[in-house]
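The values are calculated or read from the model by the stated rules, or taken from the named source; none is laboratory data. This is a predicted model, so every value here is computed, not measured. Quick reminder, even Gly has a Cβ in these numbers, built from the backbone with ideal geometry, and neighbours come from all protein chains shown. Side chains are part of the model used for accessible areas, which takes the heavy atoms of the whole protein and leaves out ligands, DNA and RNA. Shrake-Rupley method; radii C 1.70, N 1.55, O 1.52, S 1.80 Å.
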Amino acid sequence: MADFGYDVANLTEIDPIFGTMEDFEALISKAKAIGVKIILDFVPNHTSDECEWFIKSAARDPEYKDFYVWHPGKIVNGVRQPPTTWISVFRGSMWTWHEGRQEYYLHQFHAKQPDLNYRNPKVMDMMKDVFRFWLRRGVSGFRVDAVPHTFEISPDAEGNYPDEPRNPNVNDPEDYEYYQHIYTTNQPETIDMVYQFRQVLEEMDQELGGDDRIIMTEAYAPLDVIMQYYGNSTHQGAQIPFNFQLISNLNKQSNAYHYDELINTWLRNMPEGKTANWVLGNHDQSRFGSRLGEDRIDLINTLLLTLPGCSITYNGEEIGMTDVWISWEETVDPQACQSNPENYERLTRDPVRTPFHWNDNRFAGFTEGNTTWLPVADNYGTLQNLRREPTFQKGTGDVKALSENVLGIKRSLAGEATYVVLLNINDSVESLNLHSAFSGLSSSMEYVVVTDRSPRRKGDLAHTDSITLMPKEAVVLKTV
């Protein structure tokens, strides 16, 4: 728990803080009975320094001595120093001296999270066995964490690594962004690693039968790199390489043309036959209600749930949760704790990790205890969606800016109703003729989803050639 579960000491056991293996098996059994699929968060880049593998590696056990990235460092003016100037995501050097082994070990994150050495094929084999272990226990797949960090550039003939180039826009030498990470992220071998994990999934589908199992990869990377995660003509990849284009690029000033370009760029670049996915919030980013405006919460949720493909909702976004300010004294995120009171707010992920609101009771029903691990916010909303309709499950999607302020989405499927989603992103009243934007619409359409900014009600009819949208209004219309 040095990084809230991302420092795994044993990859095939349940940590007692969360329960037992029997609890896990009961969860899988109940989920199967009610038609819910369980996926696990899989951390391939590193383990905890308390993992048996690392302890044996530090002791130079012949089987494990190269399971992690070790280096004796370099001597400068008679003083031993880390082998490179590489900076950790959690600030400071990526290298920590291990007194027992008398070498530095690499950690792209916390010092208690030593990086595995994927250039040792035994490591890949062991991690594939971890995949198999949990699949045989009934999980339906994995979210694969921090994929771009799993490989570093190969060392040279003398076993040394190059320093990374400076980022001239950052002045803090302990900040992760101080260097451009061209040697420690997005190495080409990461793509092949994903293909190998997918092959294990395919093998287990054959062994276990039933529904297909899934890989979702977390990678902040250039678009052309992300698209490779899907696979190619010879290799299957991740079914869902997380699409962070919207989470990374939208802001309060974005207009409909910006939304249009971000959405259609993904759809244009996606390999044929693959499934799009849309992410607008996660546990590392400010909640979209805070990032894009609380008055756009219903609008953004409507967008997320009506675009063609897979919608991915970070818990709490569906009820409109927003960031909570966390003081320096209350901060628990190691990414912030390893900084200082002046800089922690820029680094902390605590504001988006506050307890989920279950009800109106004390601590929002999150606990019956006397405290929560982070303070609880006090506001939330509601949401409707149509995602079980055949048109939204299987239909085509046409996404376009209808004006500077309005984004439109048409979802259609032969033999089923056609839906049009209208999102007025900004503060003007907008009038539209939908016939000039989309073909094949009836002269009248029915409002099937409205938000609290709408003067209309569910079931009202609208003339398709004359639609008016109020500021920040989101609606879904259905052909009649």
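Listed values, structure above:
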quantity: The chain: proportion of alpha-carbon pairs further apart than 35 angstrom, %; calculated: 40
quantity: Relative contact order of region 38-182, pairs being alpha-carbon contacts under 8 Å that are 6 or more residues apart, as %; calculated: 30
quantity: Solvent exposure of region 15-131 as accessible area per residue, Å², 1.4 Å probe; calculated: 48
quantity: Considering only region 260-418, percent of DSSP beta bridges that pair antiparallel, nearest 5; calculated: 65
quantity: Built amide H within the under 5 Å cut-off of Asn405, gap 5+; calculated: Ala256
quantity: Region 180-290, accessible area per residue, ligands and nucleic acids excluded (1.4 Å, Å²); calculated: 43
quantity: Whole-percent carbon and sulfur share, accessible surface of the chain, 1.4 Å; calculated: 48
quantity: Packing-based ranking, highest mean first, of 272-280, 18-26 given that Cβ atoms within 10 Å are counted; calculated: 272-280, 18-26
quantity: Protection proxy ranking of 124-131, 435-442 - average other beta-carbon atoms within 10 Å, highest first; calculated: 124-131, 435-442
quantity: Angle between the chain longest axis and helix 256-269 axis [Cα atoms, degrees, rounded to 10]; calculated: 60
quantity: Between helix 297-306 and the chain: long-axis angle, C-alpha atoms, 0 to 90°, nearest 10; calculated: 90
quantity: Size of electric dipole in the chain: Cβ of Lys, Arg +1 and of Asp, Glu -1, about Cα centre, debye, nearest 20; calculated: 1200
quantity: 3J(HN,Hα) from dihedral phi, region 112-118, Karplus parametrisation 6.51/-1.76/1.60, rounded to Hz, x for glycine, proline; calculated: 8, 10, x, 6, 6, 9, 6
quantity: Hz values of 3J(HN,Hα) by residue in region 61-68 - Karplus curve (6.51, -1.76, 1.60), Gly and Pro given as x; calculated: 4, x, 6, 10, 4, 10, 6, 10
quantity: Residue-averaged [θ]222 nm for the chain, counting only DSSP H segments that reach four residues, each worth -39500 (n - 2.57); calculated: -6500 deg cm²/dmol
quantity: Charge dipole of the chain about the Cα centre (unit charges at C-beta), most positive-ward option of Thr190, Gly210, Met227; calculated: Gly210
quantity: Hits among lysines - C-alpha to C-alpha of Lys478 under 30 Å, sequence gap 8 or more where chains match; calculated: Lys252, Lys274, Lys394, Lys400, Lys410, Lys458
